[in-house]
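J.: Let me give you the structure first, and then I'll get to my questions.
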Amino acid sequence: MIEIPSDLHRDVVPLAFLLGTWEGAGVHAPLPGQEGPGSEKCNFGQEIVFRHDGRPFLEFRSRTWVLDEQGEKVRALETEHAFWRVTSNQHGTSGEREIEVSSVRDDGTVEIWYGKLHDGKPQIDLATDAVARIEGAAPYSGGKRLYGLVKDELLWVGEKAAPEVPLRPYMSAQLKKVLNPAQLINDINDLPDDGIAFFR
């Protein structure tokens, strides 16, 4: 069940299923010609946080780190900060809703994404509309992303293109929502006093 905070701005209620902290792991495969220290093929861990402050957007923060063969953190991989908005049909009167995302990544890349939230299912398709990067950033000309909630897990896949490389997948992950300790307390309070009846 998706909980909608009472102070969530009504324009982003369609994105309420994203709210919270999500953690999991995925696979990173750099574009051909961009492999090297700090950008090698690897498994990665990820934490994504979607939160709100009552204004008409969601704040997004993603941190990823390289994992070794035992699943231990080796070093940071990529950090991204973004703001997600519903730009049309916020209240669901005409089918799909249009989404706008402005983001910045630690490698000096700034992106504007546009896409849609599918009607009747928690799936978002995004594609870059504009890309800017600092001089030292790897060549990058555009991308696509797909986010979806499947059996209470947040799945996503990202695609990238460079001037000499056509669009291709480079990252994907499977994430589970981190439980809120306050909710855990509420759940415990609902248990019988002796705890035994729960197992009968």
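J.: Tell me the net charge near F57. Cut-off is 12 Å between Cβ atoms, F57 excluded, with +1 for each Lys or Arg and -1 for each Asp or Glu.
T.: Residues near F57 contribute -1 overall.
J.: Once you've got the Cα coordinates, tell me which of K73/K144; K116/K151; K151/K177; K121/K160; K41/K160 are over 18 Å apart.
T.: K73/K144; K116/K151; K121/K160
J.: Using helices alone, I'd like the mean residue ellipticity at 222 nm for the chain: each DSSP H run of four-plus residues gives -39500 (n - 2.57), total over residue count, nearest 500.
T.: -1500 deg cm²/dmol
J.: For a quick check: with amide H placed at 1.01 Å from N, whose amide H comes under 5 Å from L77's, ignoring anything fewer than 5 positions away on the same chain?
T.: Those qualifying (amide H under 5 Å, at least 5 residues apart or on another chain) are T64, W65, V66.
J.: What ³J(HN,Hα) values, in whole Hz, does the Karplus curve 6.51 cos²θ - 1.76 cosθ + 1.60 give for the range 100-116 when θ = phi - 60°, with x put for Gly and Pro?
T.: My calculation for the range 100-116 gives 10, 10, 10, 9, 9, 10, 5, 7, x, 9, 10, 10, 10, 10, 10, x, 9 Hz in order.
J.: E72 accessible area, nearest 10 Å², 1.4 Å probe?
T.: About 110 Å², ignoring ligands and nucleic acids.
J.: List every residue whose amide H lies under 5 Å from the amide H of I99, counting only residues 5 or more places away in sequence or on a different chain, with H placed 1.01 Å from N in the peptide plane.
T.: Excluding prolines and chain starts, which carry no amide H, the hits are T87, G115, K116, L117.
The values are calculated or read from the model by the stated rules, or taken from the named source; none is laboratory data. This one's a predicted model, so the numbers in the text were calculated from it and none came from an experiment. When we count neighbours, we look across all protein chains shown, and the Cβ atoms used for this are built from the backbone with ideal geometry, even at glycine. Accessible surface is based on the protein model in full, side chains and every heavy atom, while ligands, DNA and RNA are left aside. Shrake-Rupley method; radii C 1.70, N 1.55, O 1.52, S 1.80 Å.
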